[in-house]
1. Residue check: is Ala13 at pLDDT 95 or above, at negative phi and among the small types (Gly, Ala, Ser)?
2. Taking region 28-59 on its own, how many of its residues are modelled with pLDDT of 95 or more and touching a Pro at 6+ places or on another chain (Cβ under 9 Å)?
3. Would you say Asn108 is surrounded by fewer than 13 Cβ atoms within 10 Å (Cβ to Cβ), on the phi > 0 side of the Ramachandran plot and not small (Gly, Ala, Ser)?
4. Scanning for something in contact with a strand residue (DSSP E or B) (Cβ under 9 Å, 6 or more places away or on another chain), of a type in the set (D, E, K, R) and surrounded by 15 or more Cβ atoms within 10 Å (Cβ to Cβ), does region 80-91 turn up at least one residue?
5. Quick one: how many residues across region 52-73 are farther than 18 Å from Val94 by Cβ, free of Cβ contacts under 8 Å to residues at least 40 places away in the same chain and of a type in the set (Ser, Thr, Tyr)?
6. Pairs, please: C-beta under 8 Å, at least 6 apart or cross-chain, first residue loosely packed, with under 13 Cβ neighbours inside 10 Å and in region 20-42, second of a type in the set (Phe, Trp, Tyr)?
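The values are calculated or read from the model by the stated rules, or taken from the named source; none is laboratory data. Given the structure is predicted, the values throughout are model-derived calculations rather than measurements. Glycine gets a Cβ as well: all are built from the backbone with ideal geometry, and neighbour counts include every protein chain shown.
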Amino acid sequence: MPRFLLVSLMLFAVSLRAETMLQYFNTSWAEITAKMPELAEAGYTSLWLPPPTKGSGGLSVGYDMWDPFDLGSKNQRNSVRTRYGTEAELLRLVETAHRFGIRVYFDNIMNHRAFDVPGYNENTPIDIYPGLVPEDFHLRKTHYGCYRKWDNTR
């Protein structure tokens, strides 16, 4: 086989490599950053990380999001950092991962974002929005009706 074809085949095969994702939860941003060379050497091509935003308190893992824009830079909820670290540590993690050719994905919380917002009431009836029907809110329906709460209790 001509050398050109062999090199072309090798390059093509590398570009078709399947993505290998590591779910890396319950670890600080700094610790993950320090392990990046090992992760790249092990063949991981992407990381799946927990929500990077500030949760309701120091023990929160981020799924009860309090401030969707605080990545660990604001002094609120008795802390600047999130459970996993500061915004600077998070940005360093992403920069380091990209340097090693590793993609970074975060869990994105699309619901239950308003717990501490004044006036928020999870029991607000859905029929107070003129022109909208329950289906506009992508509610889960059962033979008992629509569940509106994340834990399917109401």
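1. Working: at pLDDT 95 or above: no; at negative phi: yes; among the small types (Gly, Ala, Ser): yes.
So Ala13 fails the test.
2. Residues that pass the stated criteria total 1.
3. no
4. Looking for residues that are in contact with a strand residue (DSSP E or B) (Cβ under 9 Å, 6 or more places away or on another chain), of a type in the set (D, E, K, R) and surrounded by 15 or more Cβ atoms within 10 Å (Cβ to Cβ), one finds at least one in region 80-91, hence yes.
5. Within region 52-73, the subset farther than 18 Å from Val94 by Cβ is 55-61, 63-67.
Going one step further and asking which of them are free of Cβ contacts under 8 Å to residues at least 40 places away in the same chain, we end up with 55, 57-61, 67.
Now narrow it down to the ones that are of a type in the set (Ser, Thr, Tyr): 60.
The total comes to 1.
6. Thr20/Tyr44; Gln23/Trp48; Pro37/Phe100
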